[in-house]
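Quick notes on the structure that follows.
What follows draws every value from the coordinates through simple rules; no lab data is involved. What you see is a predicted model; the values in this text were computed from it and never measured. Cβ coordinates were reconstructed from backbone atoms using ideal geometry, including for glycine residues, and neighbour counts include every protein chain displayed.
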Amino acid sequence: MARIRRPGSVLEALRRDIDCVLQRDPAARSGWEVALLYPGVHAVWAHRVSHRLWERGAHLPARALSQAARWATGIEIHPGARLGSGLFIDHGSGVVIGETAVVGSDVTIYHGVTLGGTSLAHGKRHPTVGDRVTIGAGAKVLGAIDVGHDSRIGANSVVVKSVGDNSVVVGVPGQVLARTREHTAADLPDLDNATVPDPVGRAVRSLLDRVDRLETTVLGQPRQAGRDDADGFVWETPDYSI
């Protein structure tokens, strides 16, 4: 899965963190603006320091720094988590990344995202996220699962099972959809949630169509849109959107 590639120097790491924001956020106007005013960048920089402290056994100072960064940015990253280069946490508020999470390179994470655990056992209990993954606002990726490279997690999705490379996941629980075109390393991040289909809505539409066919066969006419049953339940209304 995700192979953590570390930049060769601190300066190189800082430049890459700033460049990835300029590439992926049209609101970013300059490197100075990103460096001074972007909480996602500050949280990642604080994590780089706290993670090194954690690896050297200085667990208490590492946790203290991560909690200070959480207070300052609204982003909670455990110092034990492993983050690849080019991570962009956009807006950032409410993001939580657990202790054993692994995040690959060039990943984009939006606000309200949780990379959380589902077990009280010690050891690996948080997700491993591949390279170039985009995780939409409010999504929850839970457990010691893998999210394949170039995948896209839709906003507010809940992912509790591993998904392969180039997956698109939407819904609660997350459903894997087929891409019409594979995402590659040369492509920009997937950001347009308006293009993600609704599998639950499609399933309901399929059931409604089947009911119409059955009623046409049995009664000789289809159910009229918006018509109430005897118990007052409305199967379908004219503005029913799927």
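Worth pointing out:
- Residue list for the range 132-168, restricted to those being surrounded by 18 or more Cβ atoms within 10 Å (Cβ to Cβ) and more than 18 Å from Ile97 (Cβ to Cβ): Gly148, His149, Asp150, Arg152, Gly154, Val163, Asn166, Ser167, Val168
- Residue within the range 113-124 that is of a type in the set (D, E, K, R) and in contact with a His (Cβ under 9 Å, 6 or more places away or on another chain) present: no
- In the set (1) out of contact with any Gly (no Cβ under 7 Å at 6 or more places or on another chain); (2) in a loop (DSSP other than H, G, I, E, B), the condition left unmet by Leu60 is number (2).
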